[in-house]
Amino acid sequence: MSILKNAIETRKILRTNQGLYPTFIIYEITKNCNSRCVMCNIWNKEKTTDELNYIDIKKIFSQIFFKEVKYLNLSGGEPFIKKDFYEIVKEFIITLDKLNMISVATNGFLTNKIKNDITEILKFIKEQKKNIKFSVTVSIDGPSDIHNKIRGVKTAYDAAISTFNELKKLSEQADNFTVGIETVICKYNIDNIEEIYKVHKKLTSHLNFVPAIYSSFFENQDLDFAIGKEDLPKLIKFYKHLIKETPHLAYFYENAIFFLTRYYRNFPCLGGVLTAKIDSQGNLFPCLMTKNIIATKNEDYSEKWFGEKMNQFRNKKGDICKKCLSNCDMINNYYYEFFDVSRYYATHPIISLKFLKIILKDFLKGGYYALMISK
Ligand code: SF4
Ligand code: SF4
């Protein structure tokens with residue numbers, strides 16, 4: 001019932017140019033990175049030194065603006081490169097009262113640090129008796145030679161696999177922790193994508209395949225990595241296969257096919273409405289894909305979020321979003337926008353039945369969906 005209530009409220013707000021207090025925060029914990037990926041220029045920039053530390057986090061995230069935050073995505077750069085990663089996450093756990101889920105994507109290079117940070121975080125969540133799910137996805141883009149070429153580091157694959165294996169062991173000991181694999185699809189691995197899926201499927205059921213995109217966030221407009229038109233049918237065929245195999249992600253894959261074939265986004269995004277991004281220096285943005293600073297770390301985020309500049313962004317959102325395939329806050333579509341997701345599943349009964357089976361199985365184990373619905 002609360003999902004329906006949220007959905008009605010969100011729909012009402014989407015018709016206006018106003019926002020709500022965000023439920024989903026993308027926090028760029030650092031701009032620095034130890035990878036050399038072919039589809040990204042973040043690593044190529046000068047090192048950022050004036051990033052927030054855990055003391056700043058406590059101060060900034062105590063603002064009323066964060067009172068509804070349930071989902072926190074820690075992005076980068078490479079998040080685990082941050083020395084005080086554990087202390088920062090600890091502050092989030094203490095400060096964000098309604099926090100339900102923390103997700104992090106990593107290149108997996110720093111196996112020991114990643115393992116130690118996560119062990120400490122899981123211990124802390126338990127001590128605090130908080131009902132918070134923690135999920136990590138390790139980026140693996142193919143077999144060793146292809147992955148190392150894409151990531152620009154000779155030892156990238158071995159490190160990522162070793163991290164994945166260590167985290168898998170942790171996930172077997174903690175019900176609230178999952179580890180998955182995310183694969184970025186680009187021109188260097190499109191020919192191997194079915195084979196990559198087969199290999200990764202044996203390692204985990206938490207898999208995600210996203211096309212490499214051009215965006216100001218990755219500062220990659222001048223790079224050459226995109227899948228060519230001639231390879232698009234391969235990607236579409238692969239996504240059609242995934243729709244059957246991973247029904248919980250079918251909504252996104254179906255919309256990705258639409259986007260790739262008709263060149264515009266046909267599904268809602270709650271960026272700037274219920275999702276916000278904060279960079280490592282404390283600047284607030286409407287979403288991951290825009291470079292317009294709404295508030296700096298010394299300003300009142302709520303005042304700016306509900307102010308004129310943001311209303312203008314929301315007013316123009318339709319046009320900006322048409323060219324964007326971002327799915328980083330997809331959970332907000334499932335739990336807050338809801339109507340478009342339910343329309344999709346209602347019109348695809350076989351996929352819905354498979355999805356329901358997953359939910360039921362997971363619910364009985366007290367896993368992900370149970371945790372979401374219980375909040
Ligand atoms: S894509 Fe991610 S891991 Fe690769 S260089 Fe960019 S920030 Fe680092
Ligand atoms: S669709 Fe893209 S540009 Fe539009 S709000 Fe969402 S993330 Fe931002």
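The values are calculated or read from the model by the stated rules, or taken from the named source; none is laboratory data. Computed from a prediction, not measured in an experiment: that's the story for all the values here. Neighbour counts run over all protein chains shown; Cβ positions are idealised from the backbone, glycine included.
Looking for whichever is touching a Lys or Arg at 6+ places or on another chain (Cβ under 6 Å) and free of Cβ contacts under 8 Å to residues at least 60 places away in the same chain here; the options are TYR264, TYR239, TYR253. Which one fits?
Sole residue among the options that is touching a Lys or Arg at 6+ places or on another chain (Cβ under 6 Å) and free of Cβ contacts under 8 Å to residues at least 60 places away in the same chain: TYR264.
So if I check each of PHE209, PHE164, which one is under 30 Å from ILE121 (Cβ atoms), among the aromatic types (Phe, Trp, Tyr) and assigned to a helix (DSSP H, G or I)?
Step by step, each of PHE209, PHE164 is checked, and only PHE164 is under 30 Å from ILE121 (Cβ atoms), among the aromatic types (Phe, Trp, Tyr) and assigned to a helix (DSSP H, G or I).
Select from segment 107-155 the residues that are in a helix (DSSP H, G or I) and either at pLDDT below 95 or touching a Cys at 6+ places or on another chain (Cβ under 7 Å) (or both) and list them in ascending order.
Looking only at segment 107-155, we keep the residues that are in a helix (DSSP H, G or I), and these are 111-127, 144-151.
Those that are in a helix (DSSP H, G or I) and either at pLDDT below 95 or touching a Cys at 6+ places or on another chain (Cβ under 7 Å) (or both): ILE150, ARG151.
Would a scan of segment 80-88 turn up a residue that is touching a helix residue (DSSP H, G or I) at 6+ places or on another chain (Cβ under 6 Å), buried (at least 20 other Cβ atoms within 10 Å of the Cβ) and acidic (Asp, Glu)?
The answer is no, given that none of the residues of segment 80-88 is touching a helix residue (DSSP H, G or I) at 6+ places or on another chain (Cβ under 6 Å), buried (at least 20 other Cβ atoms within 10 Å of the Cβ) and acidic (Asp, Glu).
Within segment 319-328, can one find any residue that is in a helix (DSSP H, G or I), within 14 Å of ligand 2 (Cβ to nearest atom) and touching a helix residue (DSSP H, G or I) at 6+ places or on another chain (Cβ under 9 Å)?
Scanning segment 319-328 turns up at least one residue that is in a helix (DSSP H, G or I), within 14 Å of ligand 2 (Cβ to nearest atom) and touching a helix residue (DSSP H, G or I) at 6+ places or on another chain (Cβ under 9 Å).
Any chance segment 222-239 includes a residue that's surrounded by fewer than 19 Cβ atoms within 10 Å (Cβ to Cβ), small (Gly, Ala, Ser) and within 25 Å of THR23 (Cα to Cα)?
Checking segment 222-239: not a single residue is surrounded by fewer than 19 Cβ atoms within 10 Å (Cβ to Cβ), small (Gly, Ala, Ser) and within 25 Å of THR23 (Cα to Cα).
With segment 1-106 as the region, which helices (runs of 4 or more DSSP H) entirely inside it contain at least 1 residues that are under 28 Å from SER139 (Cα atoms), hydrophobic (A, V, I, L, M, F, W, C) and more than 16 Å from ligand 2 (Cβ to nearest atom)?
54-60, 85-95
Can you work out which of the residues in segment 167-206 that are outside any helix (DSSP H, G or I) and polar (S, T, N, Q) is modelled with the lowest pLDDT? Please lay out each step first, then the result.
Here is the first cut: in segment 167-206, the residues outside any helix (DSSP H, G or I) are 174-189, 204-206.
Going one step further and asking which of them are polar (S, T, N, Q), we end up with 176, 178, 183, 189, 204-205.
Numbers: ASN176: 93, THR178: 94, THR183: 97, ASN189: 97, THR204: 93, SER205: 88.
Only one residue fits best here, namely SER205.
Would you point out which residue out of PHE65, PHE24 is more than 30 Å from PHE109 (Cα to Cα), touching a helix residue (DSSP H, G or I) at 6+ places or on another chain (Cβ under 6 Å) and modelled with pLDDT of 95 or more? Spell out how you get there, then give the answer.
Values: PHE24 fails: more than 30 Å from PHE109 (Cα to Cα).
Step by step, each of PHE65, PHE24 is checked, and only PHE65 is more than 30 Å from PHE109 (Cα to Cα), touching a helix residue (DSSP H, G or I) at 6+ places or on another chain (Cβ under 6 Å) and modelled with pLDDT of 95 or more.
I'm checking my understanding of the structure. Among residues of segment 93-125 that are farther than 27 Å from THR183 by Cβ and either in contact (Cβ under 8 Å) with a residue 40 or more places away in the chain or hydroxyl-bearing (Ser, Thr, Tyr) (or both), which one is surrounded by the most Cβ atoms within 10 Å (Cβ to Cβ)?
If we filter segment 93-125 for residues that are farther than 27 Å from THR183 by Cβ, which is where we start, we get 93-99, 120, 123-125.
The next check asks that each one be either in contact (Cβ under 8 Å) with a residue 40 or more places away in the chain or hydroxyl-bearing (Ser, Thr, Tyr) (or both); those that pass are 95, 98, 125.
Working: THR95: 17, LYS98: 12, ILE125: 22.
In this case the residue turns out to be ILE125.
When you scan segment 210-225, do you find a residue that is farther than 26 Å from VAL104 by Cβ, within 16 Å of ligand 2 (Cβ to nearest atom), touching a helix residue (DSSP H, G or I) at 6+ places or on another chain (Cβ under 9 Å) and at pLDDT below 95, even just one?
The answer is no; no qualifying residue exists.
How many residues does segment 291-312 hold that are assigned to a loop (DSSP other than H, G, I, E, B), touching a residue at least 60 places away in the same chain (Cβ under 8 Å) and within 22 Å of ILE29 (Cβ to Cβ)?
The number of residues fulfilling the criteria is 2.
Please list, ordered by first then second residue, the pairs with beta carbon atoms under 9 Å, 6 or more apart or interchain, first in segment 321-339 and among the small types (Gly, Ala, Ser), second more than 16 Å from ligand 1 (Cβ to nearest atom).
Once the first residue is among the small types (Gly, Ala, Ser) and sits in segment 321-339, its partners that are more than 16 Å from ligand 1 (Cβ to nearest atom) give SER326/ARG265; SER326/CYS269; SER326/GLY271; SER326/CYS287.
Can you find a residue that is under 21 Å from LYS316 (Cα atoms) and either touching an Asp or Glu at 6+ places or on another chain (Cβ under 9 Å) or near ligand 2 (Cβ under 8 Å from one of its atoms) (or both) anywhere in segment 256-264? Walk me through it before giving the result.
Kept after step one, since they are under 21 Å from LYS316 (Cα atoms), are these residues of segment 256-264: 259, 262-264.
Going one step further and asking which of them are either touching an Asp or Glu at 6+ places or on another chain (Cβ under 9 Å) or near ligand 2 (Cβ under 8 Å from one of its atoms) (or both), we end up with none.
No, segment 256-264 contains no residue that is under 21 Å from LYS316 (Cα atoms) and either touching an Asp or Glu at 6+ places or on another chain (Cβ under 9 Å) or near ligand 2 (Cβ under 8 Å from one of its atoms) (or both).
Sort out which residues of segment 12-46 are farther than 18 Å from VAL89 by Cβ, within 17 Å of the chain's Cα centre (by Cα) and hydroxyl-bearing (Ser, Thr, Tyr), and write them in order of number.
Once the filter is applied, which keeps residues that are farther than 18 Å from VAL89 by Cβ, within 17 Å of the chain's Cα centre (by Cα) and hydroxyl-bearing (Ser, Thr, Tyr), segment 12-46 yields only THR23.
Looking at PHE285, PHE252, which is the one that is within 14 Å of ligand 2 (Cβ to nearest atom) and within 21 Å of PRO349 (Cα to Cα)?
Of PHE285, PHE252, the one residue that is within 14 Å of ligand 2 (Cβ to nearest atom) and within 21 Å of PRO349 (Cα to Cα) is PHE252.
Being in contact with a Ser or Thr (Cβ under 7 Å, 6 or more places away or on another chain) and of a type in the set (Phe, Trp, Tyr) is the filter here, so list the residues in segment 309-336 that pass it.
TYR336
In segment 272-286, which residue that is under 18 Å from LYS322 (Cβ atoms), touching a residue at least 60 places away in the same chain (Cβ under 8 Å) and outside any strand (DSSP E or B) is farthest from ligand 1 (Cβ to nearest atom)?
Per the criteria, the residue is VAL273.
Taking only segment 128-157 into account, find how many residues are touching a residue at least 40 places away in the same chain (Cβ under 8 Å) and away from ligand 1 (no atom under 16 Å from the Cβ).
The total comes to 6.
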